[in-house]
Every structure is written in structure tokens, then in C-alpha cells.
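Below: the structure, in C-alpha cells.
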Amino acid sequence: SLVGKNKTNDEMLNDSRNFLIFHAFDIIDEIEPKVVIIENVDRFLTMKFPFDGGFYNIEYIVRKKYGDKYSINVNVYNAQDYGVPQSRKRVIIVMCNNEYHFVEPQKEKLITVREAIGDLPSLEAGESSNIKNHYAREHTEAHILCMKHTPTGHSAFENEVYFPKNKEGVRLKGYSATY
């Protein structure tokens with residue numbers, strides 16, 4: 001997890017959530033599935049994990065542990081390349097035994113949010129419509145002000161006047177895809 005203080009490898013080593021992959025390895029070793037799919041944030045590939053007396057990245061560990069039993073594909077995919085109107089990079093590790101073969105997905109045309117949902121009626125914060133799953137979440141007045149003054153295709157974090165801030169008025173930091 002990159003949530004909270006998990007910014008350096010040492011900090012990540014102190015967060016037990018980052019070791020869930022080893023539980024997955026236990027399951028793989030126990031049931032020997034024909035196909036395994038592991039998904040995580042793209043930074044997952046650069047993290048170093050304790051293994052065989054040293055620290056190695058996950059691709060090395062997976063290939064070392066399972067390279068003789070599975071064909072292994074390790075890649076970073078961005079959801080926007082596969083018909084999703086959102087940039088979201090994820091590591092996908094696919095391991096197949098000799099009965100199966102992984103076929104690389106074909107990239108698709110980029111779809112904007114406007115193309116995907118631009119025909120839906122516009123909603124203000126907290127409003128809903130009679131269309132299934134079409135509702136607008138509640139926002140604070142400060143967040144609404146930031147978003148109203150942020151041009152399409154940009155983030156309020158780029159805004160020099162109307163930017164996200166805490167209760168004390170200090171500029172917040174965050175992912176450029178938010179606000």
C-alpha cells in the first residue's frame with residue numbers, strides 16, 4: 001500500500017499490508033492453480049521484499065519461485081488503453097501452467113469521460129436522478145468552488161487561486177487526477 005507514510009522502501013517494510021503477497025504465494029504453493037493473476041499499483045514492481053536472504057523486486061521473486069512451473073507475464077497496463085475513461089496504471093502478473101497461454105490484450109481507442117457519460121443529465125453536488133447509479137456525491141462548498149474554477153482536463157491542484165486547502169487554509173497535496 002502507498003497509503004499514509006509508505007513512501008520509502010523502509011517505510012513499506014514496516015506495513016504488514018505490503019506482505020499480503022506472501023500469503024498469495026502460500027495459496028499458490030498449496031493449491032497449484034492453473035492460472036494466477038496478481039494485480040497491484042505500478043510501484044509494486046520497484047518495491048524490494050525480503051527473499052532468500054536478500055531484498056528483491058516482486059518480478060524476480062515470482063520468476064525465481066514459479067518460473068519452472070508457469071509461463072509468467074509481468075506488465076504495467078493503463079486502464080485508459082482498454083476502454084476505461086480513466087488513467088489508472090496497474091501491474092498485472094499473469095502466471096499460466098502449460099495448459100494455458102496468456103494473450104496480451106489489444107489496446108483500444110482512448111475514451112474521454114465526456115464520451116462515456118456526457119449524455120447524462122448534469123447534476124449538482126448531492127443531487128440524484130432516476131437513472132441507475134447516476135448521482136452526485138456531496139462536496140464541501142470549498143471543494144465545489146475549486147472544481148467550478150478548474151478547466152476541463154486540469155486539476156484544482158494546478159489552480160493558483162482556487163486550490164484544495166485544509167481548515168487552516170494551507171494548500172493540500174494530492175494526485176493530479178483528483179479535483
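The values are calculated or read from the model by the stated rules, or taken from the named source; none is laboratory data. Quick caveat: nothing in here was measured; it's all calculated off a predicted structure. When the accessible area is computed, the model is the full protein with side chains, heavy atoms only, and any ligands, DNA or RNA have been set aside. Shrake-Rupley method; radii C 1.70, N 1.55, O 1.52, S 1.80 Å.
Comparing 79, 116, 125 in a Gaussian network model of the chain (Cα springs below 10 Å), the most mobile by mean-square fluctuation is 125.
Based on every Cα atom in segment 49-160, Rg and the maximum pairwise Cα distance Dmax equal 21.5, 59 Å. Against the main long axis of the alpha-carbon atoms of the chain, helix 20-31 sits at an angle near 40°. Convex hull of alpha carbon positions in segment 9-85: directionally averaged projected area 6.4 nm². Surface analysis of the chain yields an accessible area of 71 Å² per residue, using protein heavy atoms and a 1.4 Å probe.
Put 127, 160, 99 in order of accessible area, highest first, and with a 1.4 Å probe you get 160, 99, 127. Just checking the listed ones, 69, 109, 165: in the Gaussian network model of the chain with Cα springs under 10 Å, the one fluctuating most is 165. The candidates 26, 15, arranged from most to least accessible area with a 1.4 Å probe in the full protein assembly, appear as 26, 15.
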